[in-house]
Every structure is written in structure tokens, then in C-alpha cells.
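Undergrad: The following block contains the structure, expressed as C-alpha cells.
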Amino acid sequence: MDAFQAGSIYEPYWNFEAGNTAMNVRLGKEAPRRILLVATRRIGDVLLTTPLIRSLRQAWPDAAIDALVFEGAQGFLLNNPDLREIITVPYRPSLTRHLALLGRLARRYDLALSTLTSDRAVLYAWIAGRRRVGFLDPAAKHAWKRHLLSDWVAFDNRDTHTVLMNLQLAGALGIARDYQVVVGWNRADADALASYLPFDPHAERYAVLHPYPKFPYKMWHAAGWAALVHWLCAQEMRCVLTGSAAPDELAYVETIRKQLPASAVNIAGKLTLGQSALLISRARLYVGPDTALTHAAAAVGTPTVAIYGPSNPVKWGPWPHGYAQDRNPYQLRGSQQVGNVFLLQGDGDCVPCMEEGCDRHIASYSRCLQQMSADKVIAAARSLLA
């Protein structure tokens, strides 16, 4: 990955426009020296805040920028060159742990940004920042949060891509937007990756397949994955299966591996997110469901087949590498290719339902994905490989 460059290209003024607030807020003439970004959500959500973080770094290259995230969600930020520090908090912290965190944050930052509308995220920003900017749910019951924010942006949870939504905070700050989703790794990641692979990734064509999403309602079927691997092997391409160390995930990936040619490699549970991103960056193809690693694959520029069912592609489609427009990359319905990403959507008039599976809970499955044929995925892969 090329070294990231940062430069001062804006005058150090914070000048808010009227926007969604009832007043203009002048934040002073000095550039912020310490900035906190609050992103207490899942790994993929955190990854999609990196264009905003990059925008802050480009605007204020001398600022110390920290991120506050949930424990376990920091993986894609560990090698981010735009951050000074990553602060983590458990999803359900003890009282002692929480009080210690609040004491650490209290008015330590010139500027705090909340990338969420949740009570907790907004309160963190209010406690941490002398000036606070964040999203506000337009529902009347959330109006009280206006008093905690110096400036706010109305949050759209359906019709605006998450990257563009986050970048609206850059607009509120009066700074230019940078659209790059930042994924990084280091030399130790490269050395570790080499020890796990029984082949030279520089010399051999290979595809990375990530079969297991966090929730079953985003899952494609095992028979489809096996058929896809057999087709890729027929194209003289080695296949590498990835996954986390969660027991259910390891068992699922191993079930698939047993159906595959001997050349297929299963390294599920062995790699960090940085190592996984490095592996994908050298691959000829990546195929995965709606999961954080699929977002990373799109970001590093690898040809990516994203298998989507109930998820809203307008809001959650993988941000294509090099895409730098103030409009959503994807439409709501239909399979579509944008840049290096082929977003493959399940069939049915109900797609995308934006629900947690056909039975409306996270352990249920989605018929649009369970009925998706291997031929449909292979056709998308063939298109990208061509």
C-alpha cells in the first residue's frame, strides 16, 4: 500500500453554515489541536468512518485525532496513519470502567464528533468535546440532544450511503471531503501472512472467499460456495478461505473445505483484519457476503463480488475503490457493477427487505440468499475476471 500523504490545504477556521441548525456557530479561529471521533458500533461501521477521519487529517494535519470504539471493533483502525490513539470501551462496561472512561474524556478535546444518533454516542461527544458535532435523529423524542451538540446534521438511515452520511459531518465543519476508505497493514502483518500460506501470493493467481457473515440472515449456502471454488479451480486459480476464530464460523468453513480440491487453503481463524486485508489486496478476486471484510476488499481495489440479500445496498453497499462522488454508488434494487465491485442481489420482489431474515430475527435465514444459484455468482466472478 502506498504511503498516505497529509497536507494543509485549508485555512484553519471553523465556520459552520446554517444547515440544519437554527443558528450559525462560530467555533473560533484556531485549528483544533485534539479531535475525538465517536464510532461505537460494529467493525464495518467503524471502517466506513475512515473517509471522515482522512478528511479531518487533511484539513488539520497537526491535530491529534483519536477514535472511541467498542472493544473488538478496532481491528481496521490499528494501522490507520491518520489516528493518534484508539480508545476502546466494552459494549456493557462495568460502572468502574465507565466512570474511568468518562473521567479520561471530560473536556479533553477541542472538537468531538458523534457518527451515531444513539444516546450513548452523543453523550460521549458532549462529555469529551468543548465543541460537539454529530447526527440527530429527526424524530421528536430525540430533540433533547440538540442541547448537547454545538451543531448537528439530520440523520438519514435509508437513502444515503454510510460513507456519504459520515462525510456530511465534514461538510458541517466546512472542510473538504476525502472519499477514501482507509485500510492498512504493517511489515509484521506481511511476515505473518507469509507463514500461513503454502504458496507465494506474488507468484500465483488466487481468489479469497469469505463464506461466513456474522449473522445467518446474510449467509449464502455451503453448496454454492463449493461449486464456486470448483469453478475457480478449473480456471487454474487457487482458492483461500478466510474467517474469524469464532467456533461456529470455523466449523462452517471447515465443512465447505471438505468438499473442495486439495489445493484449496483454509486459514480461517488465523489472520488479523490487517493481515486479511493484505491477503485480499494481492488476490485476483474476492467473494463475500455483507460483512466488514467485503468492505475492506472493495476499499483496497480487489475485484469484489458482494453477495447481498436483505441488506440495503444504497446505505451498505461496499464503497468502490477510487469512487469520489457525492452521490450513492448503488441503486436500491438489482445486481449492479460499480468500479471494482459487482454487487450481486438476491431475487424476489421483497428484496431488499432490510429485515433480519425471513423470520425477522438475526438467527433466521433469507430465502433470497438460500435460493441464489451458484451459476449467478460464477457469472459475476467471470465478469470481473474478464
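Nothing in this text is a laboratory measurement; each read-out follows from the coordinates by a stated rule. If you're wondering where the values come from, they're calculated on a predicted model, not measured in any experiment. Ideal geometry is used to build each Cβ from the backbone, glycine not excepted, and the neighbour counts take in all protein chains shown.
Undergrad: Which loop-located trypsin sites (Lys or Arg not before Pro) does the stretch 189-226 contain, where loop means any DSSP state but H, G, I, E or B and the Cβ has at most 16 other Cβ atoms within 10 Å?
TA: 205
Undergrad: Sticking with this structure for a sec: Tell me which of 268, 252, 281 sits at the most positive position along the dipole axis of the stretch 223-298, charges placed on C-beta atoms (Lys, Arg +1; Asp, Glu -1).
TA: Among 268, 252, 281, the one farthest towards the positive end of the dipole of the stretch 223-298 is 281.
Undergrad: Further question: log₁₀ I(q)/I(0) of the chain at q = 0.12 Å⁻¹, via Debye over equal Cα point scatterers, no solvent, to two decimals?
TA: With no solvent term, the Cα-only Debye profile gives -0.94.
Undergrad: Follow-up. Loop only per DSSP, at most 11 neighbouring Cβ atoms within 10 Å: give me the trypsin sites (Lys or Arg not before Pro) in the stretch 274-359, ordered by residue number.
TA: Filter output for the stretch 274-359: 327.
Undergrad: Add +1 for every Lys or Arg and -1 for every Asp or Glu among the other residues with Cβ under 14 Å from the Cβ of residue 136, and state the total.
TA: Around residue 136, the surrounding residues sum to 0.
Undergrad: Here is a further query. Whole-Hz Karplus ³J(HN,Hα) for the stretch 176-187, in order, using 6.51 cos²θ - 1.76 cosθ + 1.60 and θ = phi - 60°, x for Gly and Pro?
TA: My calculation for the stretch 176-187 gives 6, 8, 10, 9, 7, 7, 9, 10, x, 8, 10, 4 Hz in order.
Undergrad: Which pairs break 29 Å Cα to Cα here: 218/258; 258/315; 270/315?
TA: Result: 258/315; 270/315 exceed 29 Å.
Undergrad: Restrict the search to the stretch 168-266; then list the chymotrypsin sites (Phe, Trp or Tyr not before Pro) that DSSP places in a loop and that have at most 13 other Cβ atoms within 10 Å of their Cβ.
TA: Hits after loop and neighbour filter: 199.
Undergrad: Turning to a different aspect of this structure: Tell me, what ³J(HN,Hα) does each residue in the stretch 360-374 have, in order and in whole Hz, if you take phi through Karplus 6.51 cos²θ - 1.76 cosθ + 1.60 with θ = phi - 60° and put x for Gly and Pro?
TA: Once θ is set to phi - 60°, the couplings for the stretch 360-374 become 6, 8, 5, 8, 8, 10, 10, 4, 4, 8, 5, 9, 5, 6, 5 Hz.
Undergrad: Hey, another quick one. For the chain, what's the relative contact order in percent, using C-alpha pairs closer than 8 Å and at least 6 residues apart?
TA: 14 percent
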